[in-house]
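**Q** Let me give you the structure first, and then I'll get to my questions.
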Amino acid sequence: MIKRLLPILALMMATQTQAQTWQDTVDAARGQTVYWHAWGGDPRTNSYIDWVDAQMQARFGIAVEHVPLTDTAEAVTRVLSERAAGQNTGGAVDLIWINGPNFLAMKEQDLLFGPFVKRLPNARFVDLSPDAPASVDFTVPVDGLEAPWRLAKFVFIHDSARAPNPPQSMGELLDWARDNPGRFTHPDPANFMGASFLKQALISLVDTPAILQNPVSEADYTDLTAPLWAWYDALRPLMWRGGETFPENESIQARLLNDGEIDITMSFDPSYVAAAINLGLLPDTVRVFVPEGGTLGNISFMAIPYNAAHVEGAQVVADFLLSPEAQAHMQNIDNLGAFSVLDPALMDAEAAAFFADLPQSPALPKLADLGPTLLEPHASWMTAIAEDWAARYAR
Amino acid sequence: MGRGASIGVFSAAAALVLVPIIAGFAIGLAASLGVFPAIGADHLTFAPYHRLMAVPEFWGALGLSLQTGGVATALSLLFALIFVTQGGGESRILAPLLAIPHAAIALGLAFLIAPSGWIMRALAPLLGFHRPPDLALVNDPAGFALILGLVIKETPFLVIAIASAMAQLPVTRTRQIGASLGYGTLRIWALLILPQLYPLIRMPVMVVLAYGLSVVDMALILGPNAPPTFAVLITRLFIAPDLTLLLPAFAGAMVQIALIALACLGLWLCERGFMRLAKAEARMGRRGGTRIPLSWIRPLPRGIMGLGLIGVAGLLLWSITWRWVWPDVFPQSLSLGAWQGGDWRAPLQTSLKIAVISLIIATPLALLTLEAVDHLPNKLAKPILLPLIYTPLVMPQIGFLYGVNLAALKLGITAGVAPVIWAHLLFVYPYILLMLHDPWRAMDRRVLKMAAALGAGPWRQFFALKLPLMLRAIMVAIAVGFAVSIAQYLPTLFIGGGRVTTITTEAVTLASGGDRRITGVYGSLQATLPLLVYLIAFLTPRYVWRNRRAMQARVT
């Protein structure tokens with residue numbers, strides 16, 4: 001019954017949205033409280049969300065309530081259980097900070113509101129052409145169902161005092177680990193960052209990375225991943241704790257670096273190190289490095305569930321997050337330090353002015369130092385590799 | 001209280017606790033068998049169980065859970081007995097540990113015993129370490145760190161349970177008899193006291209075992225992760241992005257329940273075996289002491305409990321730290337930044353509100369339940385009704401909470417503080433009942449008979465005699481109930497829809513964030529709040545009975 005009603009409901013919502021002008025949306029949003037479900041493990045992101053709340057209250061009369069998650073899938077599960085209970089309106093989740101696999105799951109289950117991205121006035125600063133990074137989330141077409149808000153790029157991090165010459169490729173990483181046993185690890189592949197490390201390694205170790213753009217089912221998985229597992233089998237015993245246990249996520253691994261237990265960690269945020277040093281979370285000697293050939297990059301998105309109670313407010317928040325002012329505030333390492341998703345080519349002088357005088361730091365890499373950005377493989381690769389890893393190494 | 005009213009009280013209590021659990025369990029069972037309309041699953045099948053067993057970590061996780069839960073329970077029981085044989089002087093170390101939530105103990109312990117932790121930093125100069133040793137001291141594959149954490153938390157709970165059970169036993173006389181038979185201390189305890197004692201503490205021991213097998217927050221912080229414990233494995237399945245994993249997750253929840261049932265059966269078999277051995281040993285007629293060096297074992301539990309408290313001290317220190325890197329034993333620089341910056345005030349208020357309202361409902365209800373037990377036939381209340389109320393304590397939370405959440409949503413109950421209070425009551429009320437049950441039974445019934453002879457009716461007896469006699473026990477129960485409410489993680493998260501943030505949900509969320517200073521703030525709050533309530537609970541009877549020396553001396 002619900003399943004049959006859903007397309008009709010979605011259609012009703014879609015026509016309703018089209019009938020509204022943006023000003024109608026802003027008016028309707030006034031007085032709403034937007035429940036933003038976002039991973040709560042990063043204090044800098046948490047305080048950025050607090051800043052967004054204050055700005056939204058002052059400018060639009062909208063309150064933003066941060067619902068901190070330990071895992072984004074909690075929000076997906078929440079929406080799903082609401083649909084199970086027949087709650088197709090007035091849902092608890094208004095806005096989700098979402099990434100590839102969770103987006104794919106929600107899109108496949110028709111759990112998303114939209115398309116709405118093209119409606120957002122500030123979307124004009126974003127490159128939305130079909131092959132642009134903001135139009136594809138882990139090779140899954142975005143179709144206007146989620147709005148970009150911050151840029152993520154895979155970087156390695158080393159303590160220059162303890163490990164002055166970090167490896168420049170995955171092959172060198174193995175040599176480095178031989179010379180420094182127990183001083184390298186990666187987050188558990190059950191975690192996004194850990195699986196991303198394996199993906200980064202896979203891309204560097206296959207001959208034709210373009211194959212990875214297709215789903216796993218269309219490739220010879222065993223053949224393609226053989227070099228990865230051969231390399232990993234050699235690396236694993238040389239890792240921290242003999243590769244028997246792994247840190248839960250990259251924040252915990254950064255703490256291990258601070259504790260002196262390891263010398264190399266990784267992040268999806270190139271400005272993480274500069275910000276973390278400022279916060280007293282890492283020694284002053286820690287720096288970012290990127291292997292030859294470049295690293296994975298992707299964009300973090302915001303999505304609105306199909307049954308969100310405050311659809312208008314959620315869109316106004318998503319639009320504000322894309323405004324040059326909010327993006328510049330976000331990119332400032334004194335605040336959050338996450339790279340902006342706006343395209344400099346699309347920004348006018350007024351918009352560009354916000355980015356003119358952002359503070360610098362010796363630990364903050366220049367965009368040019370970060371090397372080329374590699375395309376994310378199809379989302380099915382991440383799941384396949386993580387499961388394969390668990391089957392091989394988690395007994 | 002008449003029989004009708006008694007049955008009424010029990011019905012209300014059962015509705016409060018059992019209805020959500022049965023509903024949650026039923027939904028979970030259906031989903032585990034392939035019936036979960038939300039994701040289009042609508043026909044009976046064992047496929048979710050097959051899928052679950054195909055998860056690579058399945059058997060490893062199962063074995064690990066049995067190992068950590070079983071060893072932790074055995075050690076906790078052993079340590080608790082050692083504490084009790086040493087007399088009551090230890091309660092000053094144990095009471096704080098009883099009060100401090102699992103997550104806070106785990107966070108403190110994780111820093112204390114890690115290869116780069118406090119102990120190692122103190123030893124590094126002596127051992128000549130420039131870098132932390134590459135040893136798995138936390139998150140070790142065998143789960144020793146998790147066992148250590150569980151033992152620190154569960155031993156004090158069992159000490160209380162044993163102490164209140166002993167109050168019902170003629171311990172002094174038994175010891176005299178044992179001594180006159182020529183038995184040594186160990187023989188007296190094993191052959192004479194334990195066989196009388198164990199039936200009285202069977203329930204608390206099972207609670208400890210069930211908890212050890214299903215704990216999530218402590219296992220996340222201290223336990224291994226490849227494979228993780230079974231409870232963590234299921235939690236991961238429940239929150240996995242791949243929604244088709246929900247069905248195997250529900251199957252896992254059912255397996256978890258079966259695992260606990262089996263473990264409890266195993267425990268019961270151990271009990272039978274021990275009783276048989278004790279009887280055989282007694283019949284052999286051996287006398288004298290044993291060769292087990294008791295004096296050497298005795299300080300061990302105290303030292304291990306001490307680790308828990310030092311860990312919490314570490315949390316307090318981290319909360320006022322700015323930068324603290326290996327190998328410094330103390331922070332390089334201090335700052336109140338974590339307290340000033342982190343917005344801990346709102347979660348704190350929510351925590352307090354939920355705890356206080358839960359207690360206001362649960363405490364009178366528990367007392368009324370016990371009063372009702374007095375008026376019901378012995379064969380009905382003790383073996384049937386009370387165990388039903390204790391089910392939330394032995395059922396793994398993950399097994400029914402997701403279903404409870406769905407049931408609440410179906411009834412149109414939206415996420416908020418009120419449903420969370422109900423979810424907390426599922427645990428606070430049985431714990432309070434458990435804490436009050438033995439003191440209530442130990443109450444001197446002759447006083448009540450005398451009052452009845454003087455014309456006092458049941459209600460007058462309840463208010464004028466039972467309540468004052470129980471004051472100390474009630475205060476302890478309130479303190480335990482408060483600590484239980486403060487510590488709840490999964491119920492707050494699931495039923496609150498993530499919107500209800502307490503200091504505990506924040507502490508566990510931030511523990512995955514890696515900033516020990518902020519974790520330190522929430523851990524310190526988690527630890528100190530219940531301690532304050534314990535202090536109040538400890539001082540209240542002293543104040544109320546300051547002119548009644550005999551009441552002060554009563555041990556409950």
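Coordinate-derived values only; no laboratory data. Every value quoted in this text rests on a predicted model; they were computed, and no experiment measured them. Cβ: placed from backbone, ideal geometry, glycine included. Neighbour counts: every protein chain shown.
**Q** Would you please give the residues with an amide H less than 5 Å from that of A:Thr285, counting only those at least 5 places away or on a separate chain, with H modeled from the backbone geometry?
**A** Long-range HN contacts for A:Thr285: none found.
**Q** Which lysines have a Cα lying under 29 Å from the Cα of B:Lys379, excluding residues fewer than 8 positions away in the same chain?
**A** Straight-distance partners of B:Lys379: B:Lys279, B:Lys449, B:Lys466.
**Q** Show the residues, 5+ positions off or on another chain, whose built amide H is closer than 5 Å to the amide H of A:Thr295.
**A** The answer is A:Leu374.
**Q** Within straight cross-link reach of A:Lys366, meaning Cα distance under 16 Å, which lysines are found once same-chain residues fewer than 8 apart are removed?
**A** Qualifying lysines at Cα under 16 Å: A:Lys153.
**Q** A further question follows. For A:Val136, list long-range residues whose amide hydrogen, built 1.01 Å from N in the peptide plane, is under 5 Å from its own amide hydrogen.
**A** Under 5 Å from the amide H of A:Val136: A:Val142.
**Q** So how tilted is helix A:73-84 from the main axis of chain A? Cα-based, degrees 0 to 90, rounded to 10.
**A** 40
**Q** Across peptide A:261-267, how many C-beta atoms of other chains are within 10 Å of each residue C-beta, on average? Display every interim value, and only then the final one.
**A** Working: counts 9, 4, 1, 0, 0, 0, 0.
The shielding value for this peptide is 2.
**Q** Residue by residue through the stretch A:134-140, which ³J(HN,Hα) values in whole Hz follow from phi under the Karplus form 6.51 cos²θ - 1.76 cosθ + 1.60 (θ = phi - 60°), with glycine and proline marked x?
**A** 7, 9, 10, 10, 6, 6, 7
**Q** Is any helix in chain B, taking whole DSSP H runs, at least 24 angstrom long along its axis by alpha carbon and on average at least -0.5 on the Kyte-Doolittle scale, and which ones? If you can, show how the numbers build up before the last one.
**A** On the way: long enough: B:3-32 (40 Å, 1.79); B:58-85 (40 Å, 1.62); B:144-166 (31 Å, 1.97); B:194-214 (29 Å, 1.20); B:246-284 (56 Å, 1.14); B:299-319 (31 Å, 1.35); B:345-374 (43 Å, 1.21); B:417-442 (37 Å, 1.04); B:467-487 (29 Å, 2.18); B:516-544 (41 Å, 0.79).
For chain B, where a helix must reach 24 Å along its axis and average at least -0.5, the hits are B:3-32, B:58-85, B:144-166, B:194-214, B:246-284, B:299-319, B:345-374, B:417-442, B:467-487, B:516-544.
**Q** Note down the nm distance, to one decimal, between modelled labels 7 Å out along Cα→Cβ at A:Arg178 and at B:Leu265.
**A** The modelled label-to-label distance comes out at 5.4 nm.
**Q** Please report the net charge: other residues with Cβ closer than 9 Å to the Cβ of A:Tyr35, K and R +1, D and E -1.
**A** -1
**Q** Quick one: helix A:2-19 against the long Cα principal axis of chain A, what's the angle to the nearest 10°, folded into 0 to 90?
**A** For A:2-19 against chain A, the angle is about 70 degrees.
**Q** Compute the acute angle (0 to 90°) between the alpha-carbon long axis of helix A:170-179 and the principal axis of greatest extent of the alpha-carbon atoms of chain A; round to the nearest 10°.
**A** Approximately 50 degrees, to the nearest ten.
**Q** Over the C-alpha atoms of the stretch B:46-335, what are the Rg and the largest Cα-to-Cα span, Dmax, in Å?
**A** 21.9, 68
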